[in-house]
1. So which residues in the range 40-69 are surrounded by fewer than 23 Cβ atoms within 10 Å (Cβ to Cβ) and in a strand (DSSP E or B), if there are any at all?
2. Scan the range 129-142 for residues that are surrounded by 18 or more Cβ atoms within 10 Å (Cβ to Cβ) and either among the hydrophobic types (A, V, I, L, M, F, W, C) or not in a strand (DSSP E or B) (or both) and report the count.
3. In the range 87-122, which residues are among the acidic types (Asp, Glu), buried (at least 19 other Cβ atoms within 10 Å of the Cβ) and within 22 Å of residue 63 (Cβ to Cβ)?
Amino acid sequence: MRVGGLGGRGSARPSGLGERRGGPAVGDPVDPGVPEGLATTLALVRGRLGADSIDRLWIFPPMTRGRRERGLVAVSCFAEKERRRLYTAAYQARRRGLDLGVDPELVEQGLAPADSLPRVMTGVVRRESLQLGEPREIVVGGDFATLDRLVAELEERVRVQGL
């Protein structure tokens, strides 16, 4: 597992639970990707930032090619009054037989007004040449149970798919 230093710049490219819009974060069965990648990345985010500090998550649809996957999660954390600290958690995951590799990187991007972040996420989608789709927005609101349910949902998808 690789975790980037906070304060640097990382790739901001996109490769029930308080949802407001967007589709599922797991790819289609024809190109299964590596769904463990997202679960591992969210576990890293939860461990490094703490669920109580997380306001919202935007899970961008991953780019999959067979048993390889690249994905991005944008994380809005409470900061001062109407501002949020924005992080990106990019990951690359691969599966070959029973061998699994997941390389997430958490990078702080800076502070922004809370009400500007939805526009920022829309801009990321608009600039993405692959047109992977809208991110799944999840309102965490500092609630441990919401984030735990999301991680459990992703882990259950992996278990059900027999991966």
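1. 55, 56, 63, 65, 68
2. To start, the set of residues in the range 129-142 that are surrounded by 18 or more Cβ atoms within 10 Å (Cβ to Cβ) comprises 132, 135-138, 140.
From what is left, the residues that are either among the hydrophobic types (A, V, I, L, M, F, W, C) or not in a strand (DSSP E or B) (or both) are 132, 135, 138, 140.
So the answer is 4.
3. Of the residues in the range 87-122, the ones among the acidic types (Asp, Glu) are 99, 103, 105, 108, 115.
Right, trim to buried (at least 19 other Cβ atoms within 10 Å of the Cβ) and you get 105, 108.
105 - this is the single residue of the range 87-122 that is among the acidic types (Asp, Glu), buried (at least 19 other Cβ atoms within 10 Å of the Cβ) and within 22 Å of residue 63 (Cβ to Cβ).
Quick grid of which residues meet (1) at pLDDT below 90; (2) assigned to a strand (DSSP E or B):
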{"position": "80", "(1), (2)": "yes, no"}
{"position": "84", "(1), (2)": "no, yes"}
{"position": "88", "(1), (2)": "no, yes"}
{"position": "92", "(1), (2)": "no, yes"}
{"position": "106", "(1), (2)": "no, yes"}
{"position": "115", "(1), (2)": "no, no"}
{"position": "126", "(1), (2)": "yes, no"}
{"position": "151", "(1), (2)": "yes, no"}
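The values are calculated or read from the model by the stated rules, or taken from the named source; none is laboratory data. Given the structure is predicted, the values throughout are model-derived calculations rather than measurements. Cβ coordinates were reconstructed from backbone atoms using ideal geometry, including for glycine residues, and neighbour counts include every protein chain displayed.
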